Amino acid sequence: MAIIKTGDGRGWEKYMGRIVKKSIAAVVVAFLLALVMEWAVGVANPPLYYYEFNGETQSEFTAADITAAGYDQEGGLFVPNDIDPQLFVSLPQGQQTASVRIAFEAPLEGLTDVQLFYPDEYGGFSELNSALRINLKGTDEVVLNFPAGEYPELRIDIDGSFALKSIETSASPAQKIVTPEPWNLPRMMGMFAVLAIVIFLLLYFNVFGKIKGAILKAARVIRENPKRTLKVVLITAVIMIGFCLLAFGACKALHKTPVPVYFAFAASFGFVLSMFILFFKYTGKKPEYFFLAIFLSAALLLACFTPTTLALSSWDDETHYAKMQGLSYFGEDARVTTADAAFIGRAYPQTFSIEEQNAIYERLDEQYTEGAPSVNSDNQMSYEKLGYVPSAVSMFLARMFQMSFHDTLVLGRIAILVVFALLCFLAIRKLKSGKMILILLALLPTNVFLASHFSYDPWVTGFTILGFAWFFGELQELDKPLTVGNWIIMLAALAVGMGPKAIYFPMIALLFFMPKTKFSSQKTCLIYRLSVLLTMFVVLLTFLLPVLTSGMGAGDARGGSGVNSAEQLAYILNNPFSFIKMMAVYLPQYLSIGNAQMYMTSFAYLGDGAFYGILLVLLAVVVFTDRNEYDRFTTTVPHKLRTLFAALVTVVCVATVLYISFTPVGFDTVNGCQARYLMPVIFPVLYVIGTNKISNRMNRNTYNTIVFSISGLVLFFNIGYMLLGRYFLAN
């Protein structure tokens, strides 16, 4: 970036000339790219369609003609009373059937899944022999096509209340009407604006030049020392291939099918091992690169090989995916394909059998390429959806390049883990001490698992870690003035990171206590502190505004029928001492060491991992030994007290919100407050509770390698146990 001397008119003219040239280049390139992208999106977007039932009606059934299971029925009104309600329609013998129309007396009152099952050759019903349609509020009829055949009976699952008018069958398939794809000018202009800004910034900061320089530097190193480069490549390849051969031999010895995940696991472990063997002398000075090697190898394994047959791997998979998928349709209503509905609605089973996976993936791809029978208009961008942006962008690009449904989901997972890895990488580089504390936390199996699945937790945790790493990094250099850039990074990281979970706002208050010595004047210090308070207030406001404008609401239905947010808040206000007593009992249990497994080695619905006790001991040791002289600024008693107080207030806020929104009125504990919600506050707490008075004289390369080895082995063991074990049993 050019530096212009005051009064240098010619220099200013040259500077502005370069700015104008870069601006013109950015605008031209952005416009051309936006044109190409709009064309590609128009071609690749799932086409909108609907079915028109225009064949001759063979049979017509009313509510009195069908058999219902799992519904309370009153006339034509059906209300589910079971988690899997079903309707059975008996068809005349010998009748050919290819389509069905379900008509309702009144439009559907909410989002409703309708799934029709037709018997297989053995007369049974399965997800593979079904047609699914997700229907929006206001739908008054549903038309479904399926393979023509003589079926004795059809089963129809409608997951919601409805007033049935009739069910009609026809021997002819319903006609598919495809809606033409218009050019979306607002979307194109939005892409143009974003691309123009991004390209200009890349040109202004000479990012392309730096990338070119890095490539040329790497090429020069290879040319200058080709033997070493060849040695590194060969040793890495030999180790990776060696582990793959071991995996193949084990499969043959155990008479198991050698599925791809075994070789991916073996190659990943071999790659990580080779990095430590070849570059051991850099583990002390550059631990962030070794973190990337372990994290990316492990997270990519989970992202690529955890089944995408349904949203039942991580916590609230289906909710997170639905919001990411909605955001990915920038500038238009989200198109909900039958594959999307099947994934969200868990229409197909979770299976680790390669044969069954391939069959389901093939079916999902057929449903995906068929198009979208419905749209979702509730997909506007908002502050609390910031954590979904990386996956939304990747899904947008996946559609543009016409990737399969399975690959689109995997790419969405990869986007999250790459962002988390980058945030942690930058945070580790910023710290002057305690790098291994942060690395150990980032490599916890639960963190790696969450980062490789649909979730906003990695976004919240990653950005809060980055913000506090910058804060602690500044505290460690008291003689160095706080720059505007670092000022912005700290506040922006916390504000952006807390978008999905604004309830963590009390933690921002810690930034208020930046020492006065970091500022050139009292005025600058005052402005800084006001900016911290303003940031905290704005984040808090994003949490309070929906409550103030729309009220408390009924709460989260997943908490049960006794949940009522308005009544729960009234209960707290009328019984404050009972609430405080309940919290005094609940919080020690929630914060206990016994609960630590749930944020250290839990793999959500896949199960709880092993050896969290080893990680606890290792974490305790590292917290007190990964220290140096810089810690005299960050481990003072005032810092400890402030951080612990802010963390406790934050945890109380989180628990209170879950008590109001997810717990039955007057209950004697808090429901739904999962241990993983502690992760954003754990790093700052662990970073300040140590002391610089403990002298660690161990060789830094050896020390870091020991920590990496224990952490990495526990991580890979748990991935093998949770992922490879299931593939092993199923194939």
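Results, tabulated for the structure shown:
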item: The stretch 169-180 - residue that is assigned to a strand (DSSP E or B) and surrounded by fewer than 18 Cβ atoms within 10 Å (Cβ to Cβ) and, of those, nearest to the chain's Cα centre (by Cα); result: VAL178
item: Subset of the stretch 240-254 [surrounded by fewer than 18 Cβ atoms within 10 Å (Cβ to Cβ) and part of a helix (DSSP H, G or I)]; result: ILE241, GLY242, LEU245, LEU246, PHE248, GLY249, ALA250, CYS251, LYS252, ALA253
item: Unique residue being crowded, with 21+ Cβ neighbours inside 10 Å, in a helix (DSSP H, G or I) and charged (D, E, K, R) when the list is LYS281, LYS323; result: LYS323
item: Yes/no for VAL617 being at pLDDT 95 or above and either in contact with a Gly (Cβ under 7 Å, 6 or more places away or on another chain) or buried (at least 18 other Cβ atoms within 10 Å of the Cβ) (or both); result: no
item: Candidate set from the stretch 569-596 (those that are among the hydrophobic types (A, V, I, L, M, F, W, C) and closer than 23 Å to PHE611 by Cα); member that is farthest from the chain's Cα centre (by Cα); result: ILE593
item: Search result, residues across the stretch 689-720 that are modelled with pLDDT of 95 or more and under 22 Å from LEU494 (Cβ atoms); result: none
item: Residue that is outside the structural domain of ILE706 (by the TED database), out of contact with any strand residue (DSSP E or B) (no Cβ under 6 Å at 6 or more places or on another chain) and closer than 29 Å to LEU431 by Cα, where the choices are GLY209, GLY249, GLY190; result: GLY209
item: Criterion violated by TYR289 - all others in (1) closer than 20 Å to GLY607 by Cα; (2) part of a helix (DSSP H, G or I); (3) among the hydroxyl-bearing types (Ser, Thr, Tyr) satisfied; result: (1)
item: Single residue of THR309, THR257 found to be within 27 Å of HIS453 (Cα to Cα), out of contact with any Cys (no Cβ under 9 Å at 6 or more places or on another chain) and not in a helix (DSSP H, G or I); result: THR309
item: Qualifying residues in the stretch 403-454 (those that are among the polar types (S, T, N, Q) and touching a Lys or Arg at 6+ places or on another chain (Cβ under 9 Å)) - the one nearest to GLY607 (Cα to Cα); result: THR446
item: Residue that is out of contact with any Ser or Thr (no Cβ under 9 Å at 6 or more places or on another chain) and surrounded by 18 or more Cβ atoms within 10 Å (Cβ to Cβ), where the choices are ALA596, ALA570, ALA604, ALA566; result: ALA596
item: Residues located in the stretch 204-218, provided they are assigned to a helix (DSSP H, G or I) and surrounded by 11 or more Cβ atoms within 10 Å (Cβ to Cβ); result: TYR204, VAL207, PHE208, GLY209, LYS210, ILE211, LYS212, GLY213, ALA218
item: Selection from the stretch 346-388 of residues that are in a strand (DSSP E or B) and closer than 22 Å to HIS406 by Cβ; result: ALA372, SER374, ASN376
item: Qualifying residue in the stretch 106-129 (condition: farther than 27 Å from ALA322 by Cα, touching a Leu at 6+ places or on another chain (Cβ under 9 Å), of a type in the set (Gly, Ala, Ser) and surrounded by fewer than 17 Cβ atoms within 10 Å (Cβ to Cβ)); result: no
item: Sole exception among (1) buried (at least 17 other Cβ atoms within 10 Å of the Cβ); (2) among the hydrophobic types (A, V, I, L, M, F, W, C); (3) at pLDDT 90 or above; (4) over 30 Å from GLY331 (Cα atoms) for PHE53, by number; result: (3)
item: Of all residues in the stretch 573-593 being of a type in the set (Ser, Thr, Tyr) and surrounded by 11 or more Cβ atoms within 10 Å (Cβ to Cβ), the one that is farthest from VAL649 (Cα to Cα); result: SER578
item: Residue pairs meeting the criteria (Cβ under 6 Å; at least 6 apart or on separate chains; first in contact (Cβ under 8 Å) with a residue 24 or more places away in the chain and in the same structural domain as THR635 (by the TED database), in the stretch 691-720; second among the hydroxyl-bearing types (Ser, Thr, Tyr) and assigned to a helix (DSSP H, G or I)); result: ASN696/THR625
item: Some residue of the stretch 109-117 being more than 22 Å from GLY70 (Cα to Cα), part of a strand (DSSP E or B) and of a type in the set (D, E, K, R); result: no
item: For GLU477: the one exception among (1) in contact with a strand residue (DSSP E or B) (Cβ under 8 Å, 6 or more places away or on another chain); (2) at pLDDT below 95; result: (1)
item: Qualifying positions in the stretch 126-145 - of a type outside the set (Gly, Ala, Ser) and in a strand (DSSP E or B); result: LEU132, ARG133, ILE134, ASN135, GLU141, VAL142, VAL143, LEU144, ASN145
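Conditions (1) at pLDDT below 90; (2) within 38 Å of the chain's Cα centre (by Cα), marked per residue:
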{"position": "GLY110", "(1), (2)": "yes, yes"}
{"position": "VAL143", "(1), (2)": "no, yes"}
{"position": "ALA148", "(1), (2)": "no, no"}
{"position": "GLU153", "(1), (2)": "no, no"}
{"position": "LEU164", "(1), (2)": "no, no"}
{"position": "ILE167", "(1), (2)": "no, no"}
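The values are calculated or read from the model by the stated rules, or taken from the named source; none is laboratory data. Everything numeric in this text was worked out from a predicted model, so none of it was measured. Positions of Cβ are backbone-derived with ideal geometry, glycine not excepted, and every protein chain shown enters the neighbour counts.
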